[in-house]
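Read through the structure below, which is laid out as structure tokens, and then see the notes.
Every number here is computed from the coordinates shown, using simple stated rules; none is lab data. All values derive from a computational prediction rather than experimental measurement. Here Cβ is always computed from backbone atoms with ideal geometry, including for glycine, and neighbour counts include all displayed protein chains.
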Amino acid sequence: MPAKILVRYAEIALKGKNRGLFEQQLQNNIKEALAGFQADVKKIQGRFLVSGPEEERDKILGRLSKVFGVASVSAVEETGLDMEDIKELALKMAGRVSGDQEEFRVETRRPNKHFPYPSPEVCRLVGAYLQEHIPHLKVNLEQPDFTIFIEISHQKVFLYLDRLEGPGGLPVGITGKALLLLSGGIDSPVSGWLGMKRGLTIEALHFHSYPFTSRRSQEKAVDICRKLASAGGRITLHMINMASIQKALRAQCPEDLAIILLRRMMLRLAEKLSAERGLQALLTGESLGQVASQTLESIMVTQQATGMLILRPLLGMDKKEIVNKAAEIETYDISIRPYEDCCTLFLPRNPVTRPKLEAVENQEKKLDLAGLLAETLETLETTQVEG
């Protein structure tokens, strides 16, 4: 018998007339996430039902639990719309877990309102049947040892014992496309993950300074994208070599403005790439006040270099929250690998924390901006990263 897995969603159910579009996008994403598993995905009332090889059940559950838009998943057993069949299946399931577990409860969801028994009555009948056939069982509605969950749809009844939480949010691809500015640090991967949770398809742009930095900083970017792709599908990763720009800044501009000037150049490059790729916004890992370049003044002066919408999902988070989320999404250990990125390579000893736009623009007049940007864009490398 194939494994049956029930996939639930939450926020999508509140989308009114647009609900169908969100459901279709989620179904497409689930199919993509399960490519290679020989799995079938069907829409049932307020749920998706996935069928796949029993031997792959745990892998399928794990993959589904990472798909944005999925609230939770459960491996289920199914039976017909007959009360006696429901009780018998519940008894089989309880018999497998009730050895030293004595306290239980039954929870029922009944989207099929034509089923003749209301949810409380189903719970009562099934609970009484279990106690009749397994005498040591006791009902505990607050903190049971195990719970028999019952969902009654229009065609089948599904029973299950466990629920694996998903990331929730919206399905990737439903709200637009953004370019993630992916550094080698902890913050930007979390920003990308949160952007995907709100339905964004993301491409990533990593700036490096090879040969001043090793290839390993680029490998970090690939590995981070691989983690993000496991939840949001294949990610297009772009890499640009900033060495020429950094050498020009070091030779012609004050050290204390170097980071601001560098970030403005990055935004210009990101804007040009976004125009070519049809991307609608930039996504950054900035968190207000965390470092010198993330004061209000620095952020304001930096963003003046582009007319694009800049999204900053981490703006109100502190470092502990960001680190915890990075650990949860499994990017933290990659991000802390001790390989320098281009921003840390020429970090000034005393960076300006309250830069003036006029002073920054005066420094940029010393540079051949158009020439530097064109030369740097020629270093662009693009690859596809699978999860």
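Brief remarks follow.
- Relative protection proxy for 150-157, 135-142, from highest mean packing down: 150-157, 135-142 (other beta-carbon atoms within 10 angstrom).
- Amide H contacts under 5 Å for residue 108: 150, restricted to partners 5 or more places along the chain or on a different chain, H placed in the peptide plane at 1.01 Å from N.
- Overall form of the stretch 255-387 per C-alpha gyration tensor (a/c, 1.5; a/b vs b/c): oblate
- Residue 44 versus residue 304: modelled label distance in nm, points set 7 Å from Cα along the beta carbon direction: 6.0 nm
- Partners for residue 325 among aspartates and glutamates (Cα-Cα distance below 18 Å; same-chain residues under 8 apart left out): 165, 187, 223, 286, 333
- Spatially proximal lysines relative to residue 272 (Cα-Cα < 17 Å; intrachain offsets below 8 disregarded): 177
- Label-to-label distance for residue 84 and residue 219 is 6.5 nm, based on points extended 7 Å past Cα in the beta-carbon direction.
- Sorting the segments 325-331, 223-229 by their residues' average number of neighbouring beta-carbon atoms within 10 angstrom, most packed first, yields 223-229, 325-331.
- When the chain is described by a simple charge dipole with +1 on each Lys and Arg Cβ and -1 on each Asp and Glu Cβ, the residue from 230, 210, 52 located farthest towards its positive end is 210.
- DSSP-loop trypsin sites (Lys or Arg not before Pro) across the stretch 351-386, with at most 11 other Cβ within 10 angstrom: 365
- Each peptide in 253-264, 44-55, 177-188 receives the mean, over its residues, of other Cβ atoms within 10 Å, and ordering these scores from highest gives 177-188, 253-264, 44-55.
- Under the convention that each Lys and Arg Cβ holds +1 and each Asp and Glu Cβ holds -1, the size of the dipole of the chain around its Cα centre is about 960 debye.
- Cα gyration tensor shape for the stretch 3-165, rounded if a/c is under 1.5, else prolate or oblate: prolate
- Set of lysines near residue 87 by C-alpha distance (under 20 Å), chain-local residues within fewer than 8 positions excluded: 4, 113, 138, 156
- The distance separating the Cα centre of the stretch 203-247 from that of the stretch 120-140 comes to 57 Å.
- Within the stretch 176-385: Cβ-based charge dipole about Cα centre, in debye rounded to nearest 20 (Lys, Arg +1; Asp, Glu -1): 200 debye
- Note: relative contact order over the chain, using C-alpha pairs below 8 Å and six or more positions apart, is 17 percent.
- CD proxy at 222 nm, helix term only [per DSSP H run n ≥ 4: -39500 (n - 2.57); per residue of the chain; nearest 500]: -12000 deg cm²/dmol
- Relative contact order of the stretch 19-134, defined on C-alpha pairs under 8 angstrom at six or more residues apart (%): 17 percent
- With a Förster radius of 35 Å applied to the C-beta separation of residue 256 and residue 319, the computed FRET efficiency comes to 0.90.
- Comparing 273, 184, 326 along the charge dipole axis of the stretch 176-385, the residue lying farthest to the positive side is 326, per the Cβ-charge model.
- For residue 140, residues with placed amide H under 5 Å, excluding near neighbours: 104, 105
- Measuring nothing but how far apart in sequence close Cα pairs (under 8 Å, 6+ apart) lie, relative to its length, the stretch 176-385 scores a relative contact order of 34 percent.
- For Cα extents along the principal axes in Å, the value computed from the atomic coordinates appears in the list [x] 86, 36, 36; [y] 67, 55, 50; [z] 64, 43, 41 under label [x].
- Applying the criteria of a DSSP loop state and at most 14 other Cβ atoms within 10 Å to the trypsin sites (Lys or Arg not before Pro) of the stretch 90-132 yields 113.
- Total charge dipole magnitude, the stretch 3-165, about the Cα centre, Cβ charges on Lys, Arg, Asp, Glu only, Debye to nearest 20: 880 debye
- 13 Å reach of a label modelled at residue 386, 7 Å along Cα-to-Cβ, counting backbone N of the stretch 30-68: 33-37
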